[in-house]
Amino acid sequence: MNKITGFVIAAAAVFALSGCGGGTDVVYVDPEPELVTLYLVDEFGIGVDSVPYTCVDSFGEIITDDFTYADGEFTFALGDRCTFDLFGFGDPVTGVTPPLYIVDIDWFGKDDIPYECDNGVDFTSGTTDFDGWFAYPVDAYCKFWF
């Protein structure tokens, strides 16, 4: 009788601790951010390589800290802000800068991308043109909001 009482108490404890219901636990998984690849090219459609760039997310965390590849390729996540270091672009005496464009894999310009460029003296801002062109001063850092 003592063994049966002990077994009944143990079974009741297991039932009480296991809870009621038969639902399943729901686990929410954040999806990976969608990555986008674009290209920084010159006026002849040639990729501009070795340009340092850093992308941060909406929380200010660095997501990408890299250089553009030989074809001007750079990658970021939607919603990132990317800063390109255009030091050495342009003639400091005349202030003339070579045209640069942001294009997709088919070399179509990416328009309406907000940007700001600053070199500590001169400042430009706006959105990229229909062909992906943007204005920037000599030796500027340019931030783009993708």
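If the Cβ limit is 6 Å and pairs must be 6+ apart or interchain, which residue in the stretch 77-98 that is closer than 11 Å to Tyr141 by Cα and of a type in the set (Ser, Thr, Tyr) pairs with which residue that is open to solvent by 60 Å² or more (accessible area, probe 1.4 Å) and not in a loop (DSSP other than H, G, I, E, B)?
Thr83/Tyr141; Thr83/Lys143
Inside the stretch 122-137, can you point out the residues that are open to solvent by 70 Å² or more (accessible area, probe 1.4 Å) and over 21 Å from the mean Cα position of the chain (by Cα)?
Within the stretch 122-137, Asp122, Phe123, Phe130 qualify.
How many residues are surrounded by fewer than 15 Cβ atoms within 10 Å (Cβ to Cβ) and of a type outside the set (Gly, Ala, Ser) if we restrict to the stretch 82-98?
7
Quick test for you: out of Thr97, Thr68, pick the one residue that is of a type in the set (Ser, Thr, Tyr) and closer than 22 Å to Pro33 by Cα.
Thr68
Confirm whether Glu34 is open to solvent by 100 Å² or more (accessible area, probe 1.4 Å), touching a Leu at 6+ places or on another chain (Cβ under 6 Å) and either modelled with pLDDT under 95 or not small (Gly, Ala, Ser) (or both).
Yes.
From (1) open to solvent by 40 Å² or more (accessible area, probe 1.4 Å); (2) touching a strand residue (DSSP E or B) at 6+ places or on another chain (Cβ under 7 Å); (3) within 16 Å of Leu35 (Cβ to Cβ), pick out the condition that doesn't hold for Gly79.
Among (1) open to solvent by 40 Å² or more (accessible area, probe 1.4 Å); (2) touching a strand residue (DSSP E or B) at 6+ places or on another chain (Cβ under 7 Å); (3) within 16 Å of Leu35 (Cβ to Cβ), the lone unmet condition for Gly79 is (2).
Being open to solvent by less than 20 Å² (accessible area, probe 1.4 Å) and outside any strand (DSSP E or B) is the filter here, so list the residues in the stretch 99-112 that pass it.
Matches in the stretch 99-112: none.
Give me the pairs, please: first residue somewhere in the stretch 123-146 and in contact (Cβ under 8 Å) with a residue 60 or more places away in the chain, second residue anywhere and assigned to a loop (DSSP other than H, G, I, E, B) and open to solvent by less than 40 Å² (accessible area, probe 1.4 Å), beta-carbon distance under 6 Å, and either six or more positions apart or on two chains.
Phe144/Ile113; Phe146/Asp80
Collect the residues in the stretch 53-74 that are in a strand (DSSP E or B), within 21 Å of Trp133 (Cβ to Cβ) and either open to solvent by 20 Å² or more (accessible area, probe 1.4 Å) or modelled with pLDDT under 90 (or both), keeping them in residue-number order.
Of everything in the stretch 53-74, just one residue is in a strand (DSSP E or B), within 21 Å of Trp133 (Cβ to Cβ) and either open to solvent by 20 Å² or more (accessible area, probe 1.4 Å) or modelled with pLDDT under 90 (or both), namely Glu73.
Sort out which residues of the stretch 120-146 are polar (S, T, N, Q) and at pLDDT below 95, and write them in order of number.
none
The values are calculated or read from the model by the stated rules, or taken from the named source; none is laboratory data. A quick note: this is a predicted structure, and the numbers were derived from the prediction, not measured. Here Cβ is always computed from backbone atoms with ideal geometry, including for glycine, and neighbour counts include all displayed protein chains. Accessible surface areas use protein heavy atoms only, side chains included; no ligands, DNA or RNA. Shrake-Rupley method; radii C 1.70, N 1.55, O 1.52, S 1.80 Å.
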